[in-house]
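Visitor: Just passing along the structure, written as structure tokens.
The values are calculated or read from the model by the stated rules, or taken from the named source; none is laboratory data. Not measured: the values here are computed from a predicted model. Glycine gets a Cβ as well: all are built from the backbone with ideal geometry, and neighbour counts include every protein chain shown. Areas reflect the complete protein model, heavy atoms only, side chains present, ligands, DNA and RNA absent. Shrake-Rupley method; radii C 1.70, N 1.55, O 1.52, S 1.80 Å.
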Amino acid sequence: QFQLAVIENVDEQHLRRAVWLFPLYLLIINIFVLPIAIGGLLLFPAGVDPDTFVLTLPMAAGQQGLALVVFLGGLSAATGMVIVEAIALSTMLTNALLLPLLLRLGWSRGDDRRDLTGPLLFIRRAAIIAVLLLGYLYFRLAGEVYALVSIGLVSFAAVAQFAPAILGGIFWKGGTRRGALCGLSAGFAIWAYTLLFPSFVRSGWWPRPFLDDGPLGLALLKPQALFGLQGLEPNAHALFWSMLANVGGYVGFSLWGEQSPAERRQAAIFVDIFRAPRAGARPVTPRDPAPLGELQQLLARFLGVERATEALSGYARQRGFDAIEQMRGDQALTEWAETTLAGTIGAASARVMIASIVEEADPGLDEVMHILDEASQVIAYSHQLEEKSRALEIATAELRAANGRLQELDRLKDDFISTITHELRTPLTSIRAFSEILHDNPALDEAQREHFLEIIIGESERLTRLINQVLDLAKLESGLADWRIVPLDPGAAIEEAVAAASGSVEEHNARLRLDLPDTIPPVLADHDRLVQVLVNLISNAAKFCDRAAGLISIALYSEAEMLRVEVRDNGPGVREEQREAIFEKFRQGGSTLTDKPQGTGLGLPISRQIITRLGGAIWVEGRQHEGAVFAFTLPLAAPVQEPVLVEQNLTRATAGHD
């Protein structure tokens, strides 16, 4: 069943046919058993092993040729069954137990490029040998005195112990991990005591009084008459008591105690999957698809180069491509690669390996600000249309534009919801989780309590910073921010920014060097906003400078009617393809899987808004691995310049934006 339902099954829709075809197949093949069983019972005396009826019937009738054919057929069927079951069991052991354990212990990392087909093949073969040896060991210990069907019933009684936890997890929200483990432990203990140990007794490997009189002569504890229950067939007796203990332990320990937040979330996902597919679920769709080359290397590591190339070629033909190189890494290819890999190393391990080369995250919040900006424009257009109802032609054009934006907002609705929940849910989830721990565990020692409170405070500050920066950026983009642009000394602004960012510089073990000319011409700027830009750039340089000997330098250069400011670090630099992206909202340099820096990703977008408003420009340059240089320009002040107070949109803000 595992071979058919998990290994061979590649489409969930196949279950619709298998749900009736597989039981029908089992029923049909057992119909042929009936005449053989009836004939053997009528012809042979009691005591003849029913497993041999298929051979003894033709031999008793003198049909030696037929007996030979039956023997060869039975031998081939038994051989095929052993092969399929050994492979299926080794696959179960490898995919569900051994590989997840090895991956957790760091056996293979995402940047590892070793060919793992050899070790995987060795693990599978070792598992097959272990399964066969265990089967032979049981046969030598207990199997010789049991018919094949009896051994099968003992196994079925063991497999039945998984039913309560599986069905409970699908249909009952109150189940817990502790309850499932207690139920399984109790059920398997009763099964071993009432079925497995008696088989060893009958084989002579255990004292007979244990079965007839019970341990230490306690009749109530006789394995096949537990607690005085007699008259049941041994398998039915064992199944009754084991399932009673299993279900009782599962339900009892689940009700005794509270569910953890993770268990409540998982219960909602499984039980309400059809009624509310999104209930409690976390989006797991990769934001960026894996590159084709990375997927091909990953498949080759576990499938082998030849099998990986053959599989990719077949997939390319299905997609209508003549060669693998014509394909591009997209969502469908990533999902297909994960499914293909799951057939070899299991679904859980495949998910981990795909995640190691895919940026596993929800879409960034840059869409959020775009949606909010568009919504503000739509509302503004609507007010204008109401006030200018006489201008029908203009109003119609504006309505069409507004409707187009509304349709775009409707298309971006799902992205907006998933984005805002992802960015805000992370600190909120931590705050809630640690608050529940403090609430549910009043006896926590003082050190742990202080540690949890520090985490809660830190996450709250992180949430506050995110909200403040979003609001600040929104004010800048909407034009509602107040500006006081006056001639000022940039050297004083630099000194103030250096003092404000000194904590971040010291935290990253960096040094700061100023390369300023003796005479610095004044610039036309807003002092507070200029300090804000400089603090953002210095803090950004501190995060990315060299960890061992970090160095940050600030330099000024006079150009034609402009003053150029440079903030340089000795870190890894910024790749050329990322130099514009890092000025977008919520985008940062580095790999989000391994070395994502701390911060919200709003410092550079805010800095660009400020510098642009001051009449300058900001950019990043420098070679990779030689550090990054963030530079911006500001207009020089005229020799005589009166202070200018710039107040934009104050009338509109007072009238319609409280």
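Visitor: Report Rg(Cα)/(2.2 N^0.38 Å) for region 168-252, keeping two decimals.
Guide: Values: Rg = 14.7 Å, N = 85, 2.2 N^0.38 = 11.9 Å.
Region 168-252 yields a ratio of 1.23.
Visitor: As a test of reading the structure, rank 156, 434, 162 by solvent-accessible area (1.4 Å probe, protein chains only), most first. Don't skip to the end; give the middle numbers.
Guide: Details: 156 140, 434 45, 162 100 Å².
Per-residue accessible area, sorted high to low, gives 156, 162, 434.
Visitor: Something else now. Go through 222, 173, 388 and list them by solvent-accessible area, largest first, probe radius 1.4 Å. Walk me through the intermediate numbers first.
Guide: Numbers: 222 45, 173 90, 388 115 Å².
Listed by decreasing accessible area, they come as 388, 173, 222.
Visitor: When only alpha-carbon atoms count, how far does region 204-268 stretch along each of its three principal axes, as whole angstroms with the largest first?
Guide: 50, 23, 22
Visitor: If you take all C-alpha pairs in region 41-88, what percent of them are over 15 Å apart?
Guide: On the way: 608 of 1128 pairs.
Across region 41-88, Cα pairs with separations above 15 Å total 54 percent.
Visitor: Rounded to the nearest 0.05, what FRET efficiency do residue 328 and residue 623 have when you use their Cβ-Cβ distance and R0 = 22 Å?
Guide: 0.15
Visitor: Accessible area of residue 577, 1.4 Å probe, to the nearest 10 Å²?
Guide: 130 Å²
Visitor: When all C-alpha to C-alpha distances in region 476-554 are sorted into bins of 5 Å, what percent of pairs does each bin hold, rounded to whole numbers?
Guide: All Cα pairs, binned at 5 Å, distribute as 3, 15, 23, 20, 16, 12, 8, 3, 0 percent.
Visitor: What accessible surface, in Å², does a 1.4 Å probe find on residue 553, ignoring ligands, DNA and RNA and rounding to the nearest 10?
Guide: Number for this one is 20 Å².
Visitor: Separate question: Amide H to amide H under 5 Å from residue 512: which residues, 5+ apart in sequence or cross-chain, H placed 1.01 Å off N in plane?
Guide: Those lying under 5 Å, H to H, from residue 512 are 552.
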